[in-house]
Amino acid sequence: MEKISPKLSKYKRLYHQLEKLTAPVKDPTSRMATLTALLHHKMKGFFWTGFYLLQTGELLVGPYQGPVACLQLKKDTGVCWAGINTRATVIVDDVDTFPGHIAC
């Protein structure tokens, strides 16, 4: 039998916990709020956990946990806009070293 890494095992547990918690509600904002709360409190070292929502060409803060965030992210700047502009997931080891990082 194949052994699952502790990290993958934790991710699977969190995924199933989120599925169960969010199943009763279809509202995306409620689901995002629950997801951010769970991840922020279960993942050690997460400083800020949340969503920015693309609305009429602007990235506006959505549900989050952590210190106060920018309400709106400057267009075409930082990791979030890089993901939108490339239409791909952007994974960085250290967000502070990302060109154009936005520190609110």
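The values are calculated or read from the model by the stated rules, or taken from the named source; none is laboratory data. Since the structure is predicted, the reported quantities are computational estimates derived from the model, not experimental observations. Reconstructed Cβ throughout: ideal geometry from the backbone, glycine too, with neighbour counts over all protein chains shown. Each accessible area value is taken on the protein alone, full model and side chains, heavy atoms only, with ligands, DNA and RNA left out. Shrake-Rupley method; radii C 1.70, N 1.55, O 1.52, S 1.80 Å.
Here are labelled values, [x] 15.5; [y] 15.1; [z] 20.1, and one is the computed Kirkwood radius over Cα pairs in Å for what I pasted. Which one?
The value matching this structure is [x].
Taking a 1.4 Å probe, which of Cys104, Cys80 shows the most accessible area, and what order do the others take after it? If you can, show how the numbers build up before the last one.
Details: Cys104 90, Cys80 60 Å².
From most exposed to least exposed: Cys104, Cys80.
In the chain, what GluC sites (Glu not before Pro) fall in a loop by DSSP, with at most 14 other Cβ atoms inside 10 Å? Working shown, then result.
Details: sites: Glu2, Glu19, Glu58; in loops: Glu2.
Taking the chain and a limit of 14 other Cβ atoms within 10 Å, the loop GluC sites (Glu not before Pro) found are Glu2.
For Val25 and Trp48 in one chain, what is 0.36 nm times their gap in residues minus the Cα-Cα distance, to one decimal in nm? Present the calculation step by step, with values, prior to reporting the outcome.
Working: separation 23, 0.36 × 23 = 8.28 nm, distance 2.43 nm.
Between Val25 and Trp48, full extension yields an extra 5.9 nm.
Let me know the number of lysine pairs in the chain closer than 14 Å at the Cα, not counting same-chain pairs under 8 apart. The partial results should precede the final answer.
Values: Lys3/Lys12; Lys7/Lys42; Lys7/Lys44; Lys10/Lys42; Lys10/Lys44; Lys12/Lys20; Lys12/Lys42.
Lysine pairs satisfying the spacing and distance rule in the chain number 7.
Using only Cα atoms, tell me the angle between helix 28-42 and the longest principal axis of the chain; keep it within 0 to 90° and round to the nearest 10.
70 degrees
Could you state the angle between the C-alpha long axis of helix 6-22 and the longest principal axis of the C-alpha atoms of the chain, as a value from 0 to 90 degrees rounded to the nearest 10?
Long axis of 6-22 versus the principal axis of the chain: about 80 degrees.
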